1. For a label point 7 angstrom out from the Cα of Arg225 toward its Cβ, which stretches of the range 154-195 have the backbone nitrogen within less than 11 Å?
2. Calculate how many DSSP beta bridges within the chain are antiparallel, expressed in % of all such bridges and rounded to the nearest 5.
3. Heavy atoms only, probe 1.4 Å: what % of the accessible area of the range 75-142 goes to carbon and sulfur, would you let me know?
4. If we count every other residue with Cβ under 10 angstrom of Arg57's Cβ, Lys/Arg +1 and Asp/Glu -1, where does the sum land?
5. How far is helix 83-94 tilted, in degrees, relative to the longest principal axis of the Cα atoms in the chain, given as a value from 0 to 90 rounded to the nearest 10?
6. For a quick check of understanding: with a 1.4 angstrom probe and all protein chains in place, what accessible area in square angstrom does His322 have, to the nearest ten?
7. Rg and Dmax of the range 210-356, using alpha carbons, in Å: what are they?
8. Hey, what does the equivalent ellipsoid look like for the chain, semi-axes from the Cα gyration tensor as sqrt of 5 times each eigenvalue, largest first, whole Å?
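The values are calculated or read from the model by the stated rules, or taken from the named source; none is laboratory data. Since we're looking at a predicted model, the values are computed, not measured. We place every Cβ from the backbone using ideal geometry, glycine too, and count neighbours over all the protein chains shown. The area values use the complete protein model at the heavy-atom level, side chains included, leaving out ligands, DNA and RNA. Shrake-Rupley method; radii C 1.70, N 1.55, O 1.52, S 1.80 Å.
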Amino acid sequence: MRYMTRCCWWISFFILATGASSSQTLREAADRSGMLVGTAVRPQQLSESLYATTLAREFNMIEPEDVMKWETIHPAPETFDFSQGDQLVAFAVSHQMKVRGHTLTWHQQNPKWLTGQQRTPEQLARILEQHIKTVVGHYRDKVSAWDVINEAFDETTPVKLRSTIWYDQPGIGYAGKGSRYMENCFRWAHAADPGALLFYNDVEAEAVNPKSDAIYAMVRDFRRRGVPIDGVGFQMHLGNPHPDVASISQNIGRFTALGVKVHITEMDVALPVDADGNAHSADLQLQAIAYRDVASACLAHTGCTAIQTWGFTDKYSWIGSHSKHTQGAALLFDREYRAKPAYEALRKMLESSRRR
Ligand code: 9MR
(Lines give C-alpha, C1' and ligand atoms only; values in the text may rest on other atoms or scores of the structure.)
Protein backbone atom coordinates (compact mmCIF):
# COMPACT_ATOMS: atom_id res chain seq x y z
CA MET A 1 0.00 0.00 0.00
CA ARG A 2 2.74 2.33 1.05
CA TYR A 3 4.74 1.41 -2.07
CA MET A 4 1.68 2.03 -4.27
CA THR A 5 1.12 5.45 -2.77
CA ARG A 6 4.73 6.48 -3.22
CA CYS A 7 4.82 5.06 -6.73
CA CYS A 8 1.69 6.99 -7.75
CA TRP A 9 3.01 10.13 -6.17
CA TRP A 10 6.18 9.86 -8.22
CA ILE A 11 4.21 9.32 -11.39
CA SER A 12 2.09 12.38 -10.67
CA PHE A 13 5.20 14.39 -9.88
CA PHE A 14 6.81 13.31 -13.14
CA ILE A 15 3.70 14.25 -15.13
CA LEU A 16 3.44 17.68 -13.49
CA ALA A 17 7.13 18.40 -13.78
CA THR A 18 7.51 17.39 -17.41
CA GLY A 19 4.04 18.05 -18.72
CA ALA A 20 4.29 14.53 -20.02
CA SER A 21 0.60 13.62 -19.86
CA SER A 22 -0.88 13.60 -23.32
CA SER A 23 -3.97 15.56 -24.29
CA GLN A 24 -6.84 13.30 -25.19
CA THR A 25 -8.71 15.76 -27.37
CA LEU A 26 -8.03 18.63 -29.71
CA ARG A 27 -9.64 20.98 -27.22
CA GLU A 28 -7.43 19.83 -24.36
CA ALA A 29 -4.34 20.19 -26.50
CA ALA A 30 -5.43 23.67 -27.60
CA ASP A 31 -6.30 24.76 -24.05
CA ARG A 32 -2.91 23.66 -22.82
CA SER A 33 -1.07 25.48 -25.55
CA GLY A 34 -3.13 28.66 -25.12
CA MET A 35 -4.70 28.34 -28.56
CA LEU A 36 -8.21 28.65 -29.88
CA VAL A 37 -9.38 25.71 -31.94
CA GLY A 38 -12.66 26.45 -33.63
CA THR A 39 -15.11 25.25 -36.20
CA ALA A 40 -17.99 26.55 -38.27
CA VAL A 41 -21.37 25.35 -37.01
CA ARG A 42 -24.95 25.17 -38.24
CA PRO A 43 -27.53 25.27 -35.44
CA GLN A 44 -29.90 22.78 -37.11
CA GLN A 45 -27.27 20.08 -36.59
CA LEU A 46 -26.97 20.63 -32.84
CA SER A 47 -29.94 18.33 -32.28
CA GLU A 48 -27.86 15.41 -33.60
CA SER A 49 -26.26 14.08 -30.46
CA LEU A 50 -22.97 12.90 -32.01
CA TYR A 51 -22.60 16.28 -33.68
CA ALA A 52 -23.15 18.17 -30.44
CA THR A 53 -20.99 15.93 -28.24
CA THR A 54 -18.09 15.91 -30.72
CA LEU A 55 -18.32 19.68 -31.06
CA ALA A 56 -18.26 20.34 -27.32
CA ARG A 57 -15.52 17.80 -26.67
CA GLU A 58 -13.12 18.87 -29.41
CA PHE A 59 -13.39 22.65 -29.83
CA ASN A 60 -13.13 25.72 -27.63
CA MET A 61 -14.58 28.12 -30.20
CA ILE A 62 -17.45 28.12 -32.68
CA GLU A 63 -18.43 30.33 -35.58
CA PRO A 64 -21.83 30.39 -37.27
CA GLU A 65 -21.33 29.07 -40.80
CA ASP A 66 -24.31 31.01 -42.15
CA VAL A 67 -26.77 32.22 -39.50
CA MET A 68 -25.17 35.55 -38.64
CA LYS A 69 -25.07 36.55 -42.31
CA TRP A 70 -27.42 39.30 -43.52
CA GLU A 71 -29.99 37.09 -45.24
CA THR A 72 -30.68 35.24 -41.98
CA ILE A 73 -30.14 37.84 -39.31
CA HIS A 74 -31.66 40.85 -41.12
CA PRO A 75 -34.49 39.40 -43.23
CA ALA A 76 -36.46 42.64 -43.67
CA PRO A 77 -35.49 46.32 -43.41
CA GLU A 78 -36.75 46.71 -39.87
CA THR A 79 -36.52 43.08 -38.78
CA PHE A 80 -33.58 41.38 -37.11
CA ASP A 81 -33.84 37.66 -36.39
CA PHE A 82 -31.28 36.61 -33.81
CA SER A 83 -32.92 33.29 -32.93
CA GLN A 84 -30.44 30.98 -34.67
CA GLY A 85 -27.40 33.01 -33.72
CA ASP A 86 -28.62 33.06 -30.12
CA GLN A 87 -28.93 29.28 -30.19
CA LEU A 88 -25.25 28.96 -31.10
CA VAL A 89 -24.22 31.49 -28.49
CA ALA A 90 -26.21 29.58 -25.84
CA PHE A 91 -24.43 26.35 -26.84
CA ALA A 92 -21.08 28.10 -26.60
CA VAL A 93 -21.89 29.56 -23.20
CA SER A 94 -23.02 26.23 -21.78
CA HIS A 95 -19.80 24.58 -22.99
CA GLN A 96 -17.41 27.44 -22.16
CA MET A 97 -16.54 28.13 -25.77
CA LYS A 98 -15.75 31.42 -27.49
CA VAL A 99 -17.76 32.66 -30.47
CA ARG A 100 -16.37 34.25 -33.65
CA GLY A 101 -18.99 36.30 -35.46
CA HIS A 102 -19.24 36.01 -39.26
CA THR A 103 -19.81 38.31 -41.11
CA LEU A 104 -20.92 41.95 -41.04
CA THR A 105 -20.06 43.15 -44.54
CA TRP A 106 -19.99 40.80 -47.54
CA HIS A 107 -21.18 40.75 -51.15
CA GLN A 108 -22.89 37.34 -50.80
CA GLN A 109 -25.85 35.97 -48.84
CA ASN A 110 -27.49 39.37 -48.72
CA PRO A 111 -31.30 39.60 -48.62
CA LYS A 112 -33.36 40.60 -51.66
CA TRP A 113 -34.76 43.66 -49.91
CA LEU A 114 -31.19 44.97 -49.77
CA THR A 115 -29.88 44.03 -53.19
CA GLY A 116 -33.05 44.34 -55.27
CA GLN A 117 -33.63 48.04 -54.90
CA GLN A 118 -31.77 51.21 -55.94
CA ARG A 119 -30.57 53.35 -53.03
CA THR A 120 -28.29 56.35 -52.66
CA PRO A 121 -24.88 55.91 -51.03
CA GLU A 122 -26.17 57.92 -48.05
CA GLN A 123 -29.13 55.58 -47.61
CA LEU A 124 -26.91 52.52 -47.89
CA ALA A 125 -24.43 53.92 -45.40
CA ARG A 126 -27.23 54.40 -42.86
CA ILE A 127 -28.49 50.85 -43.46
CA LEU A 128 -25.01 49.36 -43.01
CA GLU A 129 -24.30 51.43 -39.91
CA GLN A 130 -27.60 50.38 -38.35
CA HIS A 131 -26.93 46.73 -39.24
CA ILE A 132 -23.43 46.65 -37.79
CA LYS A 133 -24.35 48.53 -34.62
CA THR A 134 -27.48 46.44 -34.02
CA VAL A 135 -25.87 43.04 -34.60
CA VAL A 136 -22.62 43.77 -32.76
CA GLY A 137 -24.60 45.47 -29.99
CA HIS A 138 -26.88 42.45 -29.61
CA TYR A 139 -23.87 40.17 -29.18
CA ARG A 140 -21.82 42.58 -27.08
CA ASP A 141 -19.62 40.62 -24.63
CA LYS A 142 -20.86 37.36 -26.19
CA VAL A 143 -19.07 37.34 -29.54
CA SER A 144 -15.37 37.80 -28.88
CA ALA A 145 -14.22 38.44 -32.46
CA TRP A 146 -16.00 39.63 -35.61
CA ASP A 147 -15.23 39.29 -39.29
CA VAL A 148 -16.16 42.91 -39.94
CA ILE A 149 -15.29 42.70 -43.63
CA ASN A 150 -15.24 39.53 -45.71
CA GLU A 151 -13.53 39.13 -49.09
CA ALA A 152 -13.27 42.77 -50.16
CA PHE A 153 -10.44 42.14 -52.63
CA ASP A 154 -11.08 40.35 -55.91
CA GLU A 155 -9.13 37.62 -57.69
CA THR A 156 -7.90 39.62 -60.68
CA THR A 157 -4.34 40.61 -61.51
CA PRO A 158 -3.54 43.27 -60.55
CA VAL A 159 -5.61 42.86 -57.41
CA LYS A 160 -8.42 45.39 -57.05
CA LEU A 161 -11.13 46.05 -54.54
CA ARG A 162 -14.11 43.94 -55.47
CA SER A 163 -16.96 45.84 -57.05
CA THR A 164 -19.81 45.38 -54.56
CA ILE A 165 -22.90 47.01 -53.18
CA TRP A 166 -20.77 48.37 -50.34
CA TYR A 167 -17.84 49.69 -52.36
CA ASP A 168 -19.15 51.10 -55.62
CA GLN A 169 -22.57 49.66 -56.59
CA PRO A 170 -23.36 52.33 -55.52
CA GLY A 171 -21.27 51.97 -52.35
CA ILE A 172 -21.58 53.81 -49.05
CA GLY A 173 -20.05 57.05 -50.28
CA TYR A 174 -16.43 56.13 -51.00
CA ALA A 175 -16.55 54.58 -54.47
CA GLY A 176 -13.12 54.90 -56.09
CA LYS A 177 -11.52 55.83 -52.77
CA GLY A 178 -9.92 52.47 -52.07
CA SER A 179 -10.29 50.92 -48.64
CA ARG A 180 -11.82 54.08 -47.10
CA TYR A 181 -15.29 52.55 -47.09
CA MET A 182 -14.15 49.77 -44.79
CA GLU A 183 -12.89 52.14 -42.10
CA ASN A 184 -16.41 53.16 -41.17
CA CYS A 185 -17.38 49.52 -40.69
CA PHE A 186 -14.56 48.96 -38.22
CA ARG A 187 -15.44 52.17 -36.37
CA TRP A 188 -19.14 51.29 -36.16
CA ALA A 189 -18.34 47.80 -34.87
CA HIS A 190 -15.89 49.20 -32.33
CA ALA A 191 -18.48 51.68 -31.07
CA ALA A 192 -21.00 48.88 -30.56
CA ASP A 193 -18.60 46.60 -28.66
CA PRO A 194 -15.21 48.08 -27.78
CA GLY A 195 -14.19 44.71 -26.30
CA ALA A 196 -14.63 42.63 -29.45
CA LEU A 197 -11.66 41.87 -31.67
CA LEU A 198 -12.29 43.17 -35.18
CA PHE A 199 -11.01 41.23 -38.18
CA TYR A 200 -10.58 41.59 -41.90
CA ASN A 201 -11.13 38.09 -43.40
CA ASP A 202 -10.25 36.86 -46.89
CA VAL A 203 -9.72 33.85 -49.12
CA GLU A 204 -6.56 32.93 -51.07
CA ALA A 205 -4.46 35.40 -49.12
CA GLU A 206 -2.80 32.90 -46.80
CA ALA A 207 0.56 32.89 -48.61
CA VAL A 208 2.63 35.86 -49.74
CA ASN A 209 0.98 36.84 -53.02
CA PRO A 210 -0.46 39.94 -54.71
CA LYS A 211 -3.72 39.68 -52.76
CA SER A 212 -2.06 39.36 -49.37
CA ASP A 213 0.28 42.22 -50.39
CA ALA A 214 -2.77 44.42 -50.96
CA ILE A 215 -4.34 43.40 -47.65
CA TYR A 216 -1.03 43.96 -45.90
CA ALA A 217 -0.77 47.51 -47.27
CA MET A 218 -4.34 48.22 -46.12
CA VAL A 219 -3.83 46.82 -42.61
CA ARG A 220 -0.56 48.71 -42.18
CA ASP A 221 -2.30 51.91 -43.22
CA PHE A 222 -5.23 51.25 -40.85
CA ARG A 223 -2.88 50.58 -37.95
CA ARG A 224 -0.89 53.75 -38.60
CA ARG A 225 -4.03 55.87 -38.71
CA GLY A 226 -5.76 54.29 -35.72
CA VAL A 227 -8.58 52.48 -37.55
CA PRO A 228 -9.72 49.88 -34.99
CA ILE A 229 -8.61 46.65 -36.67
CA ASP A 230 -7.30 43.88 -34.42
CA GLY A 231 -6.73 40.97 -36.73
CA VAL A 232 -6.67 39.32 -40.10
CA GLY A 233 -8.37 36.04 -40.93
CA PHE A 234 -6.87 33.73 -43.50
CA GLN A 235 -9.58 31.35 -44.60
CA MET A 236 -7.34 28.44 -45.74
CA HIS A 237 -9.75 26.64 -48.06
CA LEU A 238 -7.12 24.40 -49.67
CA GLY A 239 -8.04 22.82 -53.01
CA ASN A 240 -5.22 20.28 -52.68
CA PRO A 241 -3.07 18.97 -49.84
CA HIS A 242 0.10 20.83 -50.88
CA PRO A 243 0.12 24.24 -49.20
CA ASP A 244 3.21 26.43 -49.57
CA VAL A 245 3.96 26.32 -45.87
CA ALA A 246 7.10 28.47 -45.96
CA SER A 247 5.22 31.26 -47.68
CA ILE A 248 2.23 30.90 -45.33
CA SER A 249 4.53 31.20 -42.34
CA GLN A 250 6.26 34.23 -43.83
CA ASN A 251 2.90 35.85 -44.49
CA ILE A 252 1.61 35.20 -40.96
CA GLY A 253 4.89 36.63 -39.66
CA ARG A 254 4.63 39.89 -41.56
CA PHE A 255 1.02 40.47 -40.46
CA THR A 256 1.65 39.70 -36.79
CA ALA A 257 4.65 42.05 -36.94
CA LEU A 258 2.14 44.84 -37.64
CA GLY A 259 0.66 44.14 -34.21
CA VAL A 260 -2.50 42.41 -35.42
CA LYS A 261 -3.59 38.90 -34.57
CA VAL A 262 -3.95 36.23 -37.22
CA HIS A 263 -6.69 33.62 -37.14
CA ILE A 264 -6.88 30.69 -39.53
CA THR A 265 -10.62 31.00 -40.01
CA GLU A 266 -12.07 28.45 -42.44
CA MET A 267 -9.58 25.65 -43.01
CA ASP A 268 -10.52 22.61 -45.05
CA VAL A 269 -8.45 20.49 -47.41
CA ALA A 270 -10.53 19.21 -50.32
CA LEU A 271 -9.58 15.81 -51.75
CA PRO A 272 -10.78 13.96 -54.85
CA VAL A 273 -13.51 11.52 -53.83
CA ASP A 274 -15.29 8.56 -55.44
CA ALA A 275 -19.05 8.32 -55.94
CA ASP A 276 -19.46 7.24 -52.30
CA GLY A 277 -17.56 10.29 -51.08
CA ASN A 278 -14.43 8.35 -50.11
CA ALA A 279 -10.88 9.61 -50.60
CA HIS A 280 -7.74 7.53 -51.16
CA SER A 281 -5.88 6.68 -48.00
CA ALA A 282 -2.66 8.15 -49.45
CA ASP A 283 -4.48 11.46 -49.90
CA LEU A 284 -5.76 11.32 -46.32
CA GLN A 285 -2.14 11.06 -45.17
CA LEU A 286 -1.15 14.06 -47.30
CA GLN A 287 -4.12 15.91 -45.89
CA ALA A 288 -2.93 15.17 -42.37
CA ILE A 289 0.46 16.64 -43.24
CA ALA A 290 -1.23 19.75 -44.65
CA TYR A 291 -3.22 20.30 -41.43
CA ARG A 292 -0.11 19.67 -39.34
CA ASP A 293 2.06 22.04 -41.35
CA VAL A 294 -0.47 24.88 -41.45
CA ALA A 295 -0.89 24.53 -37.68
CA SER A 296 2.86 24.57 -37.30
CA ALA A 297 3.13 27.77 -39.38
CA CYS A 298 0.52 29.40 -37.14
CA LEU A 299 2.08 28.19 -33.91
CA ALA A 300 5.46 29.57 -34.97
CA HIS A 301 4.09 33.11 -34.47
CA THR A 302 2.70 34.12 -31.08
CA GLY A 303 0.25 36.50 -32.77
CA CYS A 304 -1.44 33.61 -34.57
CA THR A 305 -3.95 32.61 -31.95
CA ALA A 306 -6.68 30.52 -33.59
CA ILE A 307 -6.99 27.59 -35.94
CA GLN A 308 -10.51 27.05 -37.12
CA THR A 309 -11.96 24.56 -39.61
CA TRP A 310 -14.99 25.10 -41.85
CA GLY A 311 -17.12 22.44 -40.20
CA PHE A 312 -15.68 19.34 -38.58
CA THR A 313 -17.43 16.30 -40.02
CA ASP A 314 -17.31 15.33 -43.71
CA LYS A 315 -21.02 14.65 -43.33
CA TYR A 316 -21.72 18.38 -43.44
CA SER A 317 -19.19 20.24 -45.55
CA TRP A 318 -19.86 22.87 -48.20
CA ILE A 319 -17.19 21.26 -50.43
CA GLY A 320 -19.44 18.41 -51.65
CA SER A 321 -22.20 20.46 -53.22
CA HIS A 322 -19.77 23.18 -54.26
CA SER A 323 -17.68 20.68 -56.30
CA LYS A 324 -20.67 18.67 -57.56
CA HIS A 325 -19.44 15.86 -55.30
CA THR A 326 -16.12 15.35 -57.11
CA GLN A 327 -14.28 16.63 -54.04
CA GLY A 328 -14.85 16.22 -50.34
CA ALA A 329 -13.46 14.47 -47.27
CA ALA A 330 -12.00 17.87 -46.37
CA LEU A 331 -12.39 17.93 -42.59
CA LEU A 332 -11.04 16.32 -39.42
CA PHE A 333 -13.79 13.74 -38.84
CA ASP A 334 -15.37 11.37 -41.35
CA ARG A 335 -19.11 11.10 -41.93
CA GLU A 336 -19.48 8.75 -38.93
CA TYR A 337 -17.59 11.17 -36.67
CA ARG A 338 -14.48 8.99 -36.62
CA ALA A 339 -11.27 10.97 -36.24
CA LYS A 340 -9.22 11.00 -39.45
CA PRO A 341 -5.40 11.11 -39.75
CA ALA A 342 -5.75 14.91 -40.06
CA TYR A 343 -7.32 15.06 -36.61
CA GLU A 344 -4.46 13.19 -34.99
CA ALA A 345 -1.86 15.26 -36.85
CA LEU A 346 -3.44 18.52 -35.71
CA ARG A 347 -3.89 17.30 -32.14
CA LYS A 348 -0.25 16.24 -31.90
CA MET A 349 0.97 19.52 -33.36
CA LEU A 350 -1.07 21.48 -30.81
CA GLU A 351 0.12 19.20 -28.07
CA SER A 352 3.76 19.73 -28.94
CA SER A 353 3.34 23.49 -28.63
CA ARG A 354 3.42 25.05 -25.18
CA ARG A 355 2.86 28.77 -25.35
CA ARG A 356 1.88 29.41 -21.78
O1 9MR B 1 -20.17 27.33 -45.95
C2 9MR B 1 -21.01 28.37 -46.39
C3 9MR B 1 -22.15 27.79 -47.20
O4 9MR B 1 -23.03 27.10 -46.34
C5 9MR B 1 -22.88 28.90 -47.94
O6 9MR B 1 -23.84 28.32 -48.80
C7 9MR B 1 -21.89 29.73 -48.72
C8 9MR B 1 -22.53 30.84 -49.52
O9 9MR B 1 -21.58 31.50 -50.28
O10 9MR B 1 -20.96 30.29 -47.83
C11 9MR B 1 -20.16 29.33 -47.23
O12 9MR B 1 -19.20 29.91 -46.39
C13 9MR B 1 -18.28 30.80 -47.00
C14 9MR B 1 -17.89 31.81 -45.93
O15 9MR B 1 -19.01 32.44 -45.41
C16 9MR B 1 -16.91 32.84 -46.48
N17 9MR B 1 -15.78 32.19 -47.07
C18 9MR B 1 -16.04 31.15 -48.06
C19 9MR B 1 -16.98 30.11 -47.44
C20 9MR B 1 -17.20 28.95 -48.40
O21 9MR B 1 -17.88 29.40 -49.54
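1. 177-184
2. If I count the DSSP bridges inside the chain, around 15 percent turn out antiparallel.
3. Carbon and sulfur: 50 percent of the exposed surface of the range 75-142.
4. Charge balance near Arg57 sits at -1.
5. In the chain, helix 83-94 runs at an angle near 30 degrees to the longest axis.
6. Per-residue accessible area (His322): approximately 120 Å².
7. 16.3, 53
8. Ellipsoid half-lengths, sorted descending, are 36, 22, 22 Å.
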